[in-house]
Amino acid sequence: MKKKIGWVVAAILCIAAICGVFYYTTQNSKKSVEDPKKLTKIEETLNKDLNKTYPKTPREVVKYYNKILECYYNEKPTKGQVKKLCKKSLQIFDDDLAKENPIDSYVASVQKDIDLYNESSKRITQSSVCSSNDVLYKKDKGDEIAYVEASYFMKESKKFTKSYQTYVLRKDEKGNWKILVWYKTEKTS
């Protein structure tokens, strides 16, 4: 009889220990899920490893570039963050465009634009890219070219405006779409 009571007590203690460990681990995992360190938009944009996860389509390249633009003009980046964001931009620029924008002069130009935006209280409130069906693909001297339309809804003080740009992308030797040039356009239909 004493042996049975001993076994029952031991079994109850084992079950209690297992339940305690289970409770402890579930409570700690809930805390890590509920309270993750929230990344800023700048950190999120800078954390994208373009060597591993390069945008697959011309639209995705322009969408990523729009995220960079929104970081420049909406997020109050530090000078160090501006330089890192510029380096990300250069990674998605075509070699010809990147050669025209050495890092130091590109950073200075972007910083000047950021300062102008801040002085005039200008922000990009929304950016959008045309649908996949509206991307225009062409061949030019053997190069694959894509034209992507983007629009930007801007707020300056209390005034709202909308601007449109066409991005021209060229596929490189690795099969990645790179921004070759962009230009301002009138509203598209």
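The values are calculated or read from the model by the stated rules, or taken from the named source; none is laboratory data. Since the model is a prediction, treat every value here as computed from it, not as a measurement. Quick reminder, even Gly has a Cβ in these numbers, built from the backbone with ideal geometry, and neighbours come from all protein chains shown.
Name the single residue, out of those in region 83-104 being over 14 Å from the mean Cα position of the chain (by Cα), part of a helix (DSSP H, G or I) and hydrophobic (A, V, I, L, M, F, W, C), that is nearest to Tyr167 (Cα to Cα).
Checked region 83-104; the qualifying residue nearest to Tyr167 (Cα to Cα) is Leu97.
Residues to consider are Val168, Val110, Val181, Val135; find the one that is surrounded by 12 or more Cβ atoms within 10 Å (Cβ to Cβ), of a type outside the set (Ser, Thr, Tyr), in contact with a Cys (Cβ under 8 Å, 6 or more places away or on another chain) and modelled with pLDDT of 95 or more.
Criteria check complete, one pass: Val110.
Among the numbered conditions (1) at pLDDT below 95; (2) charged (D, E, K, R); (3) surrounded by 11 or more Cβ atoms within 10 Å (Cβ to Cβ); (4) over 20 Å from the mean Cα position of the chain (by Cα), tell me where Glu186 comes up short.
Exception for Glu186: condition (3).
With respect to Tyr24, determine if the residue is surrounded by 10 or more Cβ atoms within 10 Å (Cβ to Cβ), at pLDDT below 95 and farther than 25 Å from Thr125 by Cα.
yes
State whether one or more residues within region 121-129 are more than 15 Å from Glu70 (Cα to Cα) and not β-branched (Val, Ile, Thr).
First, pick out the residues of region 121-129 that are more than 15 Å from Glu70 (Cα to Cα): none.
The answer is no, given that none of the residues of region 121-129 is more than 15 Å from Glu70 (Cα to Cα) and not β-branched (Val, Ile, Thr).
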